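Notes follow once the structure below has been shown.
The values are calculated or read from the model by the stated rules, or taken from the named source; none is laboratory data. All values reported here derive from a predicted model rather than from experimental measurement. Counting neighbours? That spans all protein chains shown, and the Cβs are built from the backbone with ideal geometry, glycine included. Note: areas computed on protein heavy atoms with side chains; ligands, DNA, RNA excluded. Shrake-Rupley method; radii C 1.70, N 1.55, O 1.52, S 1.80 Å.
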Amino acid sequence: MKRFFFLCLFVATACSASAQQEVELEEVTVKGAKTVQRADGQWIYPSRQQLEHSTNGYSLLSKLTLPHMRVDPVQHTITALSNLGAVQVRINGIVASQEDLLALDVKAVQRIEYIDNPGVRYGEGTAYVVNMVVRKATSGRVLGADLTNTLTTVNGKETVFGKFNRGKSELGLHYTLGYQDFKGTDYEERADYELAAGDIRSIARQQLEGHDKHLYHNGQLTYSLSDSDYVFQGKLTARRDIKPQRSYTKMAVDGQVSEDHSSKRGFSPALDLYFHRRFARHQSLTANAVGTYIKTDSYAEQNEGFPYNYTVAGRTSSLFTEAIYENQLQPFTLSAGLQYNQKYIHNEYAGGTNATNDIRSSAIYLFGQLKGHLGKLGYMGGLGASNYYCRQTDHDYRFWLFRPKLTVAYPLTERLKVKYDFEVSQHISQIALVSDVSIKQNALETLVGNPDIRPNRVTSHDLRLTYSTPRLTTELQGYYRLNAHCNMERYDRQADHFFKTQTNADNECSFFFVQNYNQWEIVPDRLSATLYGGIWRFFNFTDDYRHTYTAFNGGASLEAYLGPWTLSAYADNGWHFMEGEHRGHQGAAWYMSAAYRMKRLTVSLYVQHPFSAHPLSNKTEVESRYIHKVAVNHERDFGNMLTLNLSWNLSSGSKYRHIQRTMNHQDTDTGILQGP
């Protein structure tokens, strides 16, 4: 398999040698190409066929096959295939919700700004930013529906939406009903525990039955008032579980049968206010405030060894504010801003876990950035300073960090560009991991939160060599990341019971990879292919253990446009990684789809994991001095999965103009520590 990937990479690179076109060296733009290489990533101009054959934002992004991410147009998810962070998707600079992407007016999309080394202002844990630049409607209305239903299992999402424009005003309404009822999870685990006396106790766990179901709905109301030099927008969203999310598992543990139950019900409204004003053509000011409230009530019960259950009543409120000033000077653009976060969590645990957990945290972040050109050399330099404060009961701390960032890009030839990126950032652990709460996992293991965990510094180096022609883009990337004093897992043993916790101490977690990415227009506007693959090496060092791991990660896709038909195929080998004492493998994915476009209706059929009745979902291996565990999870519901999508869109009297905006930072972290 690896030889096949590398052979295809070589062939794709060799085929580009004969292409000859004029080039314009400013930002290394290739005339006639649909991709413009920039210091912070790429600008991608979708073809007419890609726009006409896309039904929503997920559908369009899946056709572009952007590097380092997997877009699932059926489950409406975008996943980063790396250990670098999350994907942030925006529309005209606004962080987009799932409803926004489903209701996107695809024909109004001008370009996709793919930022693979985000600037200092994009927040924590963001590895990639995808900004969809869309023309603003000034009149008319859009009514539509996106109906997705799986034919082989109970799974679906029904979205209806409407947008109404008049002059400077726009009113948007969205409603989504989602449901799921999966019964096909197969879980097997083999664990060896080293007891205090030196004996090894082996336990085999196998799932006999399983049931996961969920029924929820989302609502979203948006109003915006905009002109050529200002934008005001307000967005009110609310998500509510119609019925609790329920999970049932019957397990066989060394021949003894036990049953586990869990349920969770939540309600989360959020209000997002945004204002943008442009001054004197080249200056602008952006302000954003987002308030979020999350109410969660959950119950968990597991009966391995002896009965254990607990309830959680959780309440979370948060406020995010941001102000950014930008001045487009010559020969550079100056940006400066301030972000402030405040969050309060109150979780009451009762039953087997009896605790009240109150956490107050705040963060302030100041940053500045210069971006421009010195001759052929493109550069982006920024400096940020952040302060994070957290307090719970008798534990409190502050963490200060100066955060420089530098990117330089230079065209070696008309088609060949080299780019280097350096950044210092911070990693903040999940709120649940720092809570002073313990949750039983099974008869021998307990998960323990650690309120003394601190954020840690992250240093990264990224070097890329990119070759571009109108029909081929190939990129060779080398990346190294060092996480100093990072949050790493550790198992402790007390009286033949094992406690899993997180520590900073003198831990060091680092990795590097070398990867090649290729995108080839085999037949312009008719047939395109993408191929990528790379070698990853992971290092995890603490006082207790030293673990290393080498993995290959890669994938490929094909896209064909045949009149009203669109045919697609995608495959990757999952994501192999090692972090702490866990070696993980996300299951491989392979999809095929066929879509037929009529005037206002598009019918799509998706086949996921064909010819596999029990595809692997994930596999993990624990390498601890006390525990060695291998757990394998298969999902029958995703095997030979057949999903039908109907997308209907009716627009009337729409006229467009251009506009830029930035918005939306809704919170989703409840801080609740949960069992397995």
- Has the range 389-401 got any residue that is open to solvent by 60 Å² or more (accessible area, probe 1.4 Å), more than 30 Å from Gln302 (Cβ to Cβ) and touching a residue at least 24 places away in the same chain (Cβ under 8 Å)? yes
- Residue check, Arg240 touching a strand residue (DSSP E or B) at 6+ places or on another chain (Cβ under 8 Å) and open to solvent by 20 Å² or more (accessible area, probe 1.4 Å): yes
- Task: Considering only the range 281-293, state which residues are among the hydrophobic types (A, V, I, L, M, F, W, C) and open to solvent by 70 Å² or more (accessible area, probe 1.4 Å).
- Result: Leu285
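Which ones in the range 632-645 are crowded, with 18+ Cβ neighbours inside 10 Å and either hydrophobic (A, V, I, L, M, F, W, C) or closer than 13 Å to Ala588 by Cα (or both)? Explain how you work it out, then say what you get.
Within the range 632-645, the subset crowded, with 18+ Cβ neighbours inside 10 Å is 634-639, 641, 643, 645.
Residues satisfying the conditions are His634, Glu635, Phe638, Gly639, Met641.
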- Being surrounded by fewer than 20 Cβ atoms within 10 Å (Cβ to Cβ), of a type in the set (Asp, Glu), over 26 Å from the mean Cα position of the chain (by Cα) and more than 22 Å from Gly156 (Cβ to Cβ), is that true of even one residue in the range 577-596? no
- Among the residues of the range 323-341, which ones are in contact with a strand residue (DSSP E or B) (Cβ under 7 Å, 6 or more places away or on another chain) and assigned to a loop (DSSP other than H, G, I, E, B)? Pro331
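Would you say Tyr349 is closer than 30 Å to Tyr308 by Cβ and either in contact (Cβ under 8 Å) with a residue 60 or more places away in the chain or of a type in the set (Gly, Ala, Ser) (or both)?
yes
Considering each of Tyr344, Tyr299 in turn, give the residue that is modelled with pLDDT of 95 or more, under 22 Å from Thr446 (Cα atoms), open to solvent by 60 Å² or more (accessible area, probe 1.4 Å) and touching a strand residue (DSSP E or B) at 6+ places or on another chain (Cβ under 7 Å). Let's see the steps before the verdict.
Numbers: Tyr344 fails: under 22 Å from Thr446 (Cα atoms).
Matching residue, one of Tyr344, Tyr299: Tyr299.
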- Quick one: Arg281 ticks every box in (1) over 30 Å from Asn354 (Cβ atoms); (2) assigned to a strand (DSSP E or B) except a single one, so which number is it? (2)
- Message: For the structure I just gave you, tell me whether Ala495 is in contact (Cβ under 8 Å) with a residue 40 or more places away in the chain, on the phi > 0 side of the Ramachandran plot and out of contact with any Phe, Trp or Tyr (no Cβ under 8 Å at 6 or more places or on another chain).
- Response: yes
- Taking the range 440-475 on its own, how many of its residues are out of contact with any Phe, Trp or Tyr (no Cβ under 8 Å at 6 or more places or on another chain), buried (at least 21 other Cβ atoms within 10 Å of the Cβ) and part of a strand (DSSP E or B)? 4
- Extreme residue, most open to solvent (accessible area, probe 1.4 Å), among residues of the range 57-101 that are part of a strand (DSSP E or B), farther than 23 Å from Tyr175 by Cβ and not hydrophobic (A, V, I, L, M, F, W, C): Thr79
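Condition check ((1) among the acidic types (Asp, Glu); (2) closer than 29 Å to His217 by Cβ) across all residues:
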residue	(1), (2)
Met251	no, no
His276	no, no
Gln283	no, no
Gly291	no, yes
Ile294	no, yes
Asp297	yes, yes
Pro307	no, no
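Go through the range 189-226 and give me each residue that's assigned to a strand (DSSP E or B), among the charged types (D, E, K, R) and exposed (fewer than 14 other Cβ atoms within 10 Å of the Cβ).
If we filter the range 189-226 for residues that are assigned to a strand (DSSP E or B), which is where we start, we get 189-194, 200-226.
If we keep only those that are among the charged types (D, E, K, R) too, we end up with 189-190, 192, 194, 201, 205, 209, 212-213.
Passing the criteria: Arg201, Glu209.
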- Set Leu143, Leu225, Leu147: member being more than 22 Å from the chain's Cα centre (by Cα) and modelled with pLDDT of 90 or more: Leu147
- Query: In the range 409-417, is there at least one residue being touching a Pro at 6+ places or on another chain (Cβ under 8 Å), open to solvent by 60 Å² or more (accessible area, probe 1.4 Å) and of a type outside the set (D, E, K, R)?
  - Reply: no
- Is it true that some residue in the range 20-34 is at pLDDT 70 or above and either surrounded by fewer than 22 Cβ atoms within 10 Å (Cβ to Cβ) or assigned to a loop (DSSP other than H, G, I, E, B) (or both)? yes
- Query: What pairs can you find where one residue is in the range 499-527 and within 29 Å of Leu463 (Cβ to Cβ) and modelled with pLDDT of 85 or more, the other is open to solvent by 60 Å² or more (accessible area, probe 1.4 Å) and in a strand (DSSP E or B), and their Cβ atoms are less than 6 Å apart, with a gap of 6+ or different chains?
  - Reply: Phe512/Tyr480; Phe512/Arg537; Val514/Ile535; Asn516/Leu476
- Only residues that are among the polar types (S, T, N, Q), open to solvent by less than 20 Å² (accessible area, probe 1.4 Å) and within 25 Å of Thr35 (Cα to Cα): list them for the range 529-570, please. Thr530, Asn553, Ser557, Thr566
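Being touching a strand residue (DSSP E or B) at 6+ places or on another chain (Cβ under 7 Å), hydrophobic (A, V, I, L, M, F, W, C) and either closer than 30 Å to Tyr187 by Cα or in contact (Cβ under 8 Å) with a residue 40 or more places away in the chain (or both) is the requirement here; does Phe275 meet it?
Values: touching a strand residue (DSSP E or B) at 6+ places or on another chain (Cβ under 7 Å): yes; hydrophobic (A, V, I, L, M, F, W, C): yes; either closer than 30 Å to Tyr187 by Cα or in contact (Cβ under 8 Å) with a residue 40 or more places away in the chain (or both): yes.
Considered against the rule, which asks whether it is touching a strand residue (DSSP E or B) at 6+ places or on another chain (Cβ under 7 Å), hydrophobic (A, V, I, L, M, F, W, C) and either closer than 30 Å to Tyr187 by Cα or in contact (Cβ under 8 Å) with a residue 40 or more places away in the chain (or both), Phe275 comes out as yes.
Report yes if Gly351 is in contact with a strand residue (DSSP E or B) (Cβ under 7 Å, 6 or more places away or on another chain), under 30 Å from Gln392 (Cβ atoms), of a type in the set (Gly, Ala, Ser) and loosely packed, with under 14 Cβ neighbours inside 10 Å, otherwise no.
Details: in contact with a strand residue (DSSP E or B) (Cβ under 7 Å, 6 or more places away or on another chain): yes; under 30 Å from Gln392 (Cβ atoms): yes; of a type in the set (Gly, Ala, Ser): yes; loosely packed, with under 14 Cβ neighbours inside 10 Å: yes.
The answer is yes for Gly351.
Tally time: how many residues in the range 476-491 are assigned to a strand (DSSP E or B) and either hydrophobic (A, V, I, L, M, F, W, C) or free of Cβ contacts under 8 Å to residues at least 12 places away in the same chain (or both)? So that I can check it myself, show each step before the final result.
Taking the range 476-491 first, the residues assigned to a strand (DSSP E or B) are 476-484, 488-491.
After this cut, where a residue has to be either hydrophobic (A, V, I, L, M, F, W, C) or free of Cβ contacts under 8 Å to residues at least 12 places away in the same chain (or both) as well, the list is 476, 482, 484, 488.
Selection size over the range 476-491: 4.
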